[in-house]
Amino acid sequence: MKLATLKDATRDGQLAVVARDLKTAVLADGIAPTLQRALDDWHFIAPQLENLYGELNSGRALRAFDFDVRQCMAPLPRAFQWADGSAYVNHVELVRKARKAEMPATFWTDPLMYQGGADDFIGPTDDILLASEEWGIDFEGEVAVVTDDVPQGATLADAAAHIKLLMLVNDVSLRNLIPAELAKGFGFLQSKPASSFSPVAVTPDELGSAWHDGKVHLPLRVTWNGALVGQPDAGVDMVFDFPQLIAHLTKTRNARAGSIIGSGTVSNKDSGKGYSCIAEKRCLETIADGEAKTPYMKFGDTIRIEMQDANGRSIFGAIDQRVAQYQFKKARHA
């Protein structure tokens, strides 16, 4: 099943069911007004959405219309939780190696995770608005899962059963702001602006045999300014699978329906697969030549992140965005 949230006059948009080929859609307003509402009562609502999905794919759905990704918000335009891991430890190792810093052995056994801003996600084709190029604008191609209610202390088996949807992510990062923030010893804040998500969220069964062991075993294609810069396999070198990430998150607390857990930057040890964030490319340059040469993103740059099945068909639709300059608005006084 494929689900999207379409723009309307509200913050949370309208839930739509999207055909497997991403060509048509139908509003699910008679079943659930929003994706969050569906997740809140998933066991009751999901079968109804599945029925509508079957009708749409067979051409029997009433009120079906052409699906336009430009009308999409993020599948969850705002969420109760956005926790991003760093499951591809190769990425962390490269960053530390470029800084000539030792990596603690625990990084291979205990997941890294931070809690990002979840109140204002960006739609898949909306501009990434930022005030300054000097902040070091970077993209990060990731995979994420969405859960229903996960209880505190969930086992790995329990955690796996609570994965209801998967999405792609562009976890926008401001690299030049990160060092000062991390030096404070309190984690990311200003260096992690709003993230972007794929046009549709899909149920695990849509991935077929590519979904197993709590991982998505498919390449993630990343295109920067029209040039393919990476297609690392999301199922390779993922040290911590999604059930492990969820279990880590819920060790001491519940995760409520609509929680989003990210994989972190998809990264393969085989550098021939390219990269899904500029920082990794710069680290490889620093290790090889003593300095980074690839610049960060500029205003007007474009980024496209997509995942295709074995037959070359887009699964989630594409994150396809442009970086643009944000203009601060003057405060309005009464």
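The figures follow:
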quantity	calculated
Residue, farthest from the chain's Cα centre (by Cα), within segment 272-285, restricted to residues that are over 17 Å from ALA87 (Cα atoms) and of a type in the set (Gly, Ala, Ser)	GLY272
Residue under evaluation LEU62, criteria (1) open to solvent by 70 Å² or more (accessible area, probe 1.4 Å); (2) at pLDDT 95 or above; (3) farther than 30 Å from GLN115 by Cβ; (4) not charged (D, E, K, R), criterion not met	(2)
Pairs with Cβ under 8 Å, 6+ apart, first in segment 129-143 and open to solvent by 10 Å² or more (accessible area, probe 1.4 Å), second modelled with pLDDT under 95	ALA131/PHE328
ALA16, sole failed condition from (1) part of a loop (DSSP other than H, G, I, E, B); (2) without any contact (Cβ under 8 Å) to a residue 60 or more places away in the chain	(1)
Residue count for segment 272-308, restricted to those that are touching an Asp or Glu at 6+ places or on another chain (Cβ under 6 Å), assigned to a helix (DSSP H, G or I) and either open to solvent by 70 Å² or more (accessible area, probe 1.4 Å) or not small (Gly, Ala, Ser) (or both)	1
Of the criteria (1) open to solvent by 50 Å² or more (accessible area, probe 1.4 Å); (2) over 18 Å from the mean Cα position of the chain (by Cα); (3) more than 20 Å from VAL145 (Cα to Cα), which one LEU189 fails	(2)
Lone qualifier among MET167, MET238 - being buried (at least 22 other Cβ atoms within 10 Å of the Cβ) and under 21 Å from ASN90 (Cβ atoms)	MET238
Any hit, segment 256-271, residues being in contact with a helix residue (DSSP H, G or I) (Cβ under 8 Å, 6 or more places away or on another chain), open to solvent by 30 Å² or more (accessible area, probe 1.4 Å) and among the small types (Gly, Ala, Ser)	yes
Members of segment 91-139 found to be of a type in the set (D, E, K, R) and over 25 Å from SER271 (Cβ atoms), listed by number	ASP110, ASP119, ASP120, ASP126, ASP127, GLU133, GLU134
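The values are calculated or read from the model by the stated rules, or taken from the named source; none is laboratory data. As the structure is a computational prediction, the values presented were derived from the model and not from experiment. Heads up, the Cβs are rebuilt from the backbone with ideal geometry, glycines too, and the neighbour counts pull from every protein chain shown. Protein only, heavy atoms only, side chains kept; ligands, DNA and RNA dropped before computing areas. Shrake-Rupley method; radii C 1.70, N 1.55, O 1.52, S 1.80 Å.
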